[in-house]
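Asks: The structure's right below; bear with me while I get my questions together.
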C-alpha cells in the first residue's frame, strides 16, 4: 500500500470509530441527575430563562431566552433596569421582577 492509501484507510477507520463513539455517548445519563428530573419542566417552570450575564467595563448584557438585552431594553413587556453579576432587575406594569442566574429563580417584588 502506498502512503496515500494508508492515510485514506486510517481516515475511514477514524470516522467509523468516532460515529460509533458519539452514538454510544448519547445513551449515557448523568449519574447526579435527580430521578424525576425532566429538562423540559425546567423551561416551563422558569419562563424568563436567564441564561447568561456579561459584564465588561463598557457594557452589561444579559441573555434572556436567547435574546441579548441591555439596561433600557424591553423583554416580554418588562423594562431591564439593572444587570448585576448574578441578577437582572426588570420593571413592568404590575411590579418588579428579579431574575437570578445561578439558582434559576424568579422573585416578584410588589
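The values are calculated or read from the model by the stated rules, or taken from the named source; none is laboratory data. Nothing here was measured: the structure is a model prediction, and the numbers come from that model. Glycine also receives a Cβ, built like all others from the backbone with ideal geometry; neighbour counts cover every protein chain displayed.
Asks: Go through the range 65-79 and report how many residues are over 21 Å from the mean Cα position of the chain (by Cα), in contact (Cβ under 8 Å) with a residue 12 or more places away in the chain and not in a strand (DSSP E or B).
Replies: 1
Listed here are the residues, each with its yes/no results for (1) modelled with pLDDT of 75 or more; (2) surrounded by 10 or more Cβ atoms within 10 Å (Cβ to Cβ); (3) part of a loop (DSSP other than H, G, I, E, B).
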{"site": "8", "(1), (2), (3)": "no, yes, no"}
{"site": "20", "(1), (2), (3)": "no, yes, no"}
{"site": "24", "(1), (2), (3)": "no, no, no"}
{"site": "41", "(1), (2), (3)": "no, yes, no"}
{"site": "54", "(1), (2), (3)": "yes, yes, no"}
{"site": "63", "(1), (2), (3)": "yes, yes, no"}
{"site": "81", "(1), (2), (3)": "yes, yes, no"}
{"site": "98", "(1), (2), (3)": "yes, yes, no"}
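Asks: Kindly indicate whether residue 90 is surrounded by 15 or more Cβ atoms within 10 Å (Cβ to Cβ) and modelled with pLDDT under 90. Break it down into steps so the answer makes sense when it comes.
Replies: Details: surrounded by 15 or more Cβ atoms within 10 Å (Cβ to Cβ): yes; modelled with pLDDT under 90: no.
It is false that residue 90 is surrounded by 15 or more Cβ atoms within 10 Å (Cβ to Cβ) and modelled with pLDDT under 90.
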